[in-house]
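Trainee: Can you read through this structure? Questions will come right after.
Every read-out reported here was derived from the displayed coordinates using simple, explicitly stated rules and does not represent laboratory data. Bear in mind that the values here come from a model prediction, so they are computed numbers and not experimental data. Cβ placement follows ideal geometry from the backbone for every residue including glycine, while neighbour counts extend to all protein chains displayed.
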Amino acid sequence: MNKLIVAAAGALLWVGVAAQAQKSAADGIAEYRKMLEDGNPAELFEAKGEALWKQKRGPKNASLESCDLGKGPGVVKGAFVELPRYFADTDRVQDLESRLVSCMQMLQGFDGAAIANTPFGRGEQDNVTALATFVAAASRGLHFDLPQSHPAERQMYEIGKRVFYFRGGPYDFACASCHGEDGKRIRLQDLPNLSKNPGDGVGFASWPAYRVSNGQMWGMQLRLNDCYRQQRFPYPGFSSDATVALGVFMGVNAKGAESIAPAIKR
Amino acid sequence: MVSRRVMLRHSAEAAALMATAGLLPTTASAAWPQAAFDAKGLADTVKALGAGAPQESKDVTLTAPDIAENGAVVPVGCACALAGVKRLALLVEKNPTTLAAVFEVNDALEPSFATRVKMAQTSNVYAVALLADGRALFAQKEVKVTLGGCGG
Amino acid sequence: MGDPMRIRAQAQGDKAVVRVLMSHEMETGQRKDSAGKTVPAWFIQEVTASHNGTPVFSALWGTAVSKNPFVLFTIRGAKAGDKIVVTWVDNRGDKRSDEATVV
């Protein structure tokens, strides 16, 4: 039986070698990404986030298990695909990461402003990323359905649209410069058109993600922060209204798309 | 006069300190083949692993992508169902050191392993089967490494 | 002792496919930090695994294995409920063991 398998594998190898010449670079990249799906290091951050969710921490020595992510206290599954949304207790439209910081402040007694000022990958900011990975993972396979019932949510969508198309910085770039049309790419990376519904697992639906190029877990806040860096804009404040508004714009545009977060990326 | 109990505890603590400082030989460092992991190129690495001149063979399977979007994480697999295979190794020719990993083969396992390796640049990747009779058989593939663009 | 590993062991017929994700920097010793100093090599050198207490898997790794390493191997004669223990040892002598049950 083993000999058959080895022979078949050998035959496949030869066929593969012949077909190689015709395979495009895009196909090659797709094959590479597929091979990486099995065993995503994001799972390590997901496990860390789950432990942090349940652990009693902070000055109030409390867990996050009664944190309301929009679907009721402690409800994790399904929360990710309905964020950002309006929260009455903070009177703000909030995305996942800012809501986690609110809960860390309200329930555990952490200083939310201090966490917001902490660089990505350090201290409590690192924990926020792990928690975001855990919450996102609980909604894997579910479809985006951000609420637009509250006037603040609708307003944030309009603000997000303005921010998306706002040209500025030394290169006169906007988000739309890269993400405003179909069929664009930078070198080997396809750029999703975020001004409309890009589809399952694309764009908004794939962050938080583990980036193999630097071995880091990136939430949407860091992803947007880095977009601003690439456009040579000033860095946005952590969970600033502009970043949340962009999340609303992209998330509402992605309605119905299947979430694959946490994903694995270059 | 130090009691025997106190002296034993001190010895244990000293040993623990030395172990964490890496001064006591651990199982890992005793078995870890430094020379093989320092060698460059297929031939020298296989020789350092104690095998004969490597020969290409259809009986060895190497799984690797044609293109790696980023050289930091390249998924690779090695397999060989021949009788007498003792070890399977993964090599990246143009890395600063060629040998990436060595897997023991025995009857309790399928002779097939997968992991992810760092590739410094576009290079040949080899799966090498080391047999009990000293032979080394390999499969190879060139894996292109690109840096990729700025986005997601 | 590093962060916990993620071990998934799935029964497939009379075998168990084991996938392990380890949390480790895997520094090659080639990289320089922002101050220009070389970051010393720090990497997992040995990975072993046992099946219901019997050692079955043993691998030796160099610096070329990726950060947050992944490894996949298949154990023969395994079934749901069996216990898998995976252990890694790095070049500093740090070690970590985690266990999982075959599902």
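Trainee: What's the exposure ranking of A:Phe164, A:Phe238, A:Phe249, going from fewest to most Cβ atoms within 10 Å?
Mentor: So the ranking, lowest neighbour count to highest, is A:Phe164, A:Phe238, A:Phe249.
Trainee: State the Cα centre-to-centre distance between the stretch B:78-152 and the stretch C:7-51 in whole Å.
Mentor: With the stretch B:78-152 and the stretch C:7-51 each reduced to a Cα centre, they are spaced 16 Å.
Trainee: So between A:Lys54 and A:Gln230, what do we pick up on full extension, going 0.36 nm a residue minus the alpha carbon distance? If you can, show how the numbers build up before the last one.
Mentor: Working: separation 176, 0.36 × 176 = 63.36 nm, distance 3.65 nm.
Full extension of this stretch gives 59.7 nm more.
Trainee: If you put +1 on each Lys and Arg Cβ and -1 on each Asp and Glu Cβ, how big is the dipole of chain A around its Cα centre, in Debye rounded to 20?
Mentor: 460
Trainee: Let me ask something else. Give the order of C:Asp90, A:Asp91, B:Asp38 when sorted by the count of other beta carbons within 10 angstrom, beginning with the fewest.
Mentor: A:Asp91, B:Asp38, C:Asp90
Trainee: Related question: Return the aspartates and glutamates within reach of B:Lys40: Cα separation strictly under 14 angstrom, same-chain partners fewer than 8 residues apart disregarded; answer none if there are no such residues.
Mentor: By straight Cα distance, B:Lys40 reaches B:Glu93.
Trainee: Using the beta-carbon distance between A:Arg167 and C:Arg31 and R0 = 45 Å, what value does 1/(1 + (r/R0)^6) give for FRET efficiency, to the nearest 0.05? The partial results should precede the final answer.
Mentor: Details: r = 37 Å, r/R0 = 0.83.
Efficiency computed from Cβ-Cβ geometry: 0.75.
Trainee: What ranking do A:Val248, C:Val39, B:Val145, C:Val20 get, fewest neighbouring Cβ atoms within 10 angstrom at the top?
Mentor: The most exposed by this proxy come first: C:Val39, B:Val145, C:Val20, A:Val248.
Trainee: Hey, got a sec? Which trypsin sites (Lys or Arg not before Pro) in the stretch A:98-169 land in a DSSP loop and have at most 11 other Cβ atoms within 10 Å?
Mentor: For trypsin sites (Lys or Arg not before Pro) across the stretch A:98-169 that sit outside H, G, I, E and B with at most 11 neighbouring Cβ atoms in 10 Å, the list reads A:Arg122.
Trainee: Then there's this: Between B:Lys58 and C:Asp3, how high is the FRET efficiency from 1/(1 + (r/R0)^6) when r is the Cβ-Cβ distance and R₀ = 41 Å? Nearest 0.05. If you can, show how the numbers build up before the last one.
Mentor: Numbers: r = 41 Å, r/R0 = 1.01.
Computed FRET efficiency for B:Lys58 and C:Asp3: 0.50.
Trainee: Take the Cβ-Cβ distance between A:Asn61 and B:Ala132 as r, set R0 to 56 Å, and report the resulting FRET efficiency rounded to the nearest 0.05.
Mentor: Step by step, r from the Cβ atoms, then E = 0.40.
Trainee: Continuing with this model, one more query. Would you calculate the separation in nanometres between label points at B:Ala43 and C:Gln12, each defined as 7 Å from the Cα along the Cα-to-beta-carbon direction?
Mentor: Taking the simple label geometry, B:Ala43 and C:Gln12 are separated by 3.8 nm.
Trainee: Testing the spin-label approximation: label points 7 Å from Cα along Cα→Cβ at C:Asn52 and A:Glu181. State their distance in nm.
Mentor: For C:Asn52 paired with A:Glu181, the spin-label model returns 6.4 nm.
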